[in-house]
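The values are calculated or read from the model by the stated rules, or taken from the named source; none is laboratory data. This structure is a prediction, so every number in the text was calculated from the model and none was measured. Note that we place each Cβ from the backbone using ideal geometry, even for glycine, and neighbour counts take in every protein chain shown. Protein only, heavy atoms only, side chains kept; ligands, DNA and RNA dropped before computing areas. Shrake-Rupley method; radii C 1.70, N 1.55, O 1.52, S 1.80 Å.
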Amino acid sequence: MNTAFQRLQREHRAEILTDWLQHLAAAVDRHSPHPPGLDAQRESLFDAVLTTLAERPNAHDFMLDPDSELGRYLNRLVTEQARQLASPSETVGSLLALKQRLARALLALDLSSDAVVESLLWLDRLFDALSLFAFKAFVDIRERLITEQSLSLLELSTPVLKLWHQVLLLPLVGVIDTLRARQVTERLLEAIAEHEARVTILDLTGVPVLDTSVAQHLMKTIDAARLLGTRIVMTGISPEGAQTLTKLGIRFADVVSRATLRAGIAEALLIVERRIAPLNSERQL
Amino acid sequence: MSEHFATERLPIRSMLDIVTARHAARELCERLGFGKADQTRIATAVSELARNVIQYAGEGQCSIADDSQGTHRCIRVCIEDHGPGIPDLEQALCDGYSTSGGLGAGLPGTRRLVDEFEIQSAPGATRITIALIKRG
Ligand SMILES: Nc1ncnc2c1ncn2[C@@H]1O[C@H](COP(=O)(O)OP(=O)(O)O)[C@@H](O)[C@H]1O
Ligand SMILES: [Mg+2]
């Protein structure tokens, strides 16, 4: 229990809250749109902070429990701000603005100096914990958002290239998960039908790890492509990758495999009875 | 003997953690002086096991340790979860056995990929330890 903060809660709640919200509206929200419900969220956080200050002892080892009311409100607010693409310093800054106002109100209470020191220390500790928590939560959320965004970018970057008449090239780059594999397959099947492809080169140079799950996805893609009448030439499996696939017991049935894209292209052209030759060698054709 | 590299402990909660874990394993493997083939082996093995954790247990963790002794270089990876466990280990280690319509090559294949392979499983506790060893 802290009687000083109990007094603040009882006698000065409304004025501190209003002052804080007005400050945020002027200093923070100017830069970004003010989403509906933000004030209500801030008010919930404000009350949770005051309640914690008033009800908890001055705990030297205070740790913010993420599942407590305070933890949940703070998390919600931080999530909101991270989604608004605010900077973490804004989030922490709005907490510090509240701390400043509480400290000022405390000093105006006319308490004994012991009580002031005690209360200020507790205020300090609590806001240290809040700031750290907010900062960490903010970074976590942003990281997640960024990953989601880059994953969906990856999904978009699956070009199927027409290399030659009836020859397609599908360069796979990055992590192949279920969703991505499905998109790749769809795109490839469309292209095969559109170009009446007889050969498709599947280049795996950009696939970081060929494990059984990736292999299974590839097998499904290959099977579907083959049903449309195209031959598959696989390229870009490193010697180490090939060795690993063998150890895993994986074989791509009926697939021509070439170490390099260049060898794969030569193979593909052979299948459509073409070849790349020097300009002066027409006689030999 | 020189000092060991610090053990890394990583959560396995999402597809992204799989990527992080196999990266970390590959990196330590390289720093320990293993060649390209070994790096690929350990990265693939970690990928298999971590994916099983996500797929069958939801989440778990992974520790990647430098267990070198004397002139022997050793990378040891332990992957554990608190999921339902594997009821029949012998069956799960058979090529082609899968309860999810997968290739069923993950566990048996991983066992062939690594130099040491240890598996313990009970409801609520599955732990697989693998190691690559290079005698120097
Ligand atoms: N961590 C785990 N927890 C529970 N069951 C597992 C776990 N790992 C593997 N299994 C079981 O063992 C089977 C074989 O695994 P695996 O060889 O990787 O093949 P796949 O994942 O293709 O099914 C799985 O289908 C699953 O039933
Ligand atoms: Mg598996």
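Rg and Dmax of chain B, both derived from C-alpha coordinates alone, stand at 14.4, 47 Å. Over 21 Å apart: what share of the alpha carbon pairs of segment A:3-155 falls there, rounded to a whole percent? In whole percent, the long-distance tail amounts to 46. Computed over segment B:8-134, relative contact order equals 25 percent, with contacts defined as Cα pairs under 8 Å that lie 6+ residues apart. Counting only Cα atoms, the size of segment A:137-237 along its three principal axes is 52, 26, 20 Å, in decreasing order.
Averaging 1/r over each pair of different alpha-carbon atoms in the protein assembly as shown and inverting the result gives 26.0 Å, the Kirkwood hydrodynamic radius.
Here segment A:161-271 carries DSSP beta bridges of which approximately 20% are antiparallel, counting only pairs with both residues inside. Remark: accessible surface ordering of B:72, B:23 (largest first) is B:23, B:72, probe radius 1.4 Å.
Once A binds B, the 1.4 Å probe can no longer reach about 1700 Å² of accessible area, counting both sides. The residues packed around residue A:229, meaning those with a beta-carbon under 12 Å from its beta-carbon, carry a net charge of +2 if Lys and Arg are +1 and Asp and Glu are -1. Taking label positions 7 Å along the Cα-Cβ direction at both residue A:103 and residue B:31, the computed distance is 4.0 nm, reported to one decimal. Each residue, residue A:193 and residue A:120, gets one label point 7 Å from its Cα in the Cβ direction; the gap between the two is 7.5 nm. Taking the DSSP bridge list for chain A and keeping only pairs wholly inside it, about 20 percent are antiparallel. Distances between placed amide hydrogens fall under 5 Å for residue A:256 paired with A:232, A:234, all partners being 5 or more residues away or on another chain.
The residues of segment B:104-120 occluded by other protein chains by 10 Å² or more of accessible area, set against the chain on its own, are B:105, B:109, B:112, B:113; surface from heavy atoms, 1.4 Å probe. On a per residue basis, the protein assembly as shown carries 53 Å² of accessible surface, using protein heavy atoms and a 1.4 Å probe. Determine which residues of segment B:106-123 fall in the zone a paramagnetic label at residue A:220 would reach in this model, i.e. backbone nitrogen under 13 Å from the point 7 Å along Cα→Cβ. Those under the cut-off are none; the list is empty.
Equivalent ellipsoid of segment A:194-285: semi-axes from √(5λ) of the C-alpha gyration tensor, largest first, are 27, 17, 10 Å.
Adding -39500 (n - 2.57) for every DSSP H run of four residues or longer, then dividing by how many residues chain B holds, sets the calculated 222 nm ellipticity at -10500 deg cm²/dmol. Quick one: net charge of residue A:16's neighbours, Cβ under 15 Å, K/R +1, D/E -1? With Lys, Arg at +1 and Asp, Glu at -1, the neighbours total +1. Between residue B:89 and residue B:59, what's the calculated FRET efficiency when r is the beta-carbon distance and R0 is 35 Å? Round to 0.05. That gives a FRET efficiency of 0.95.
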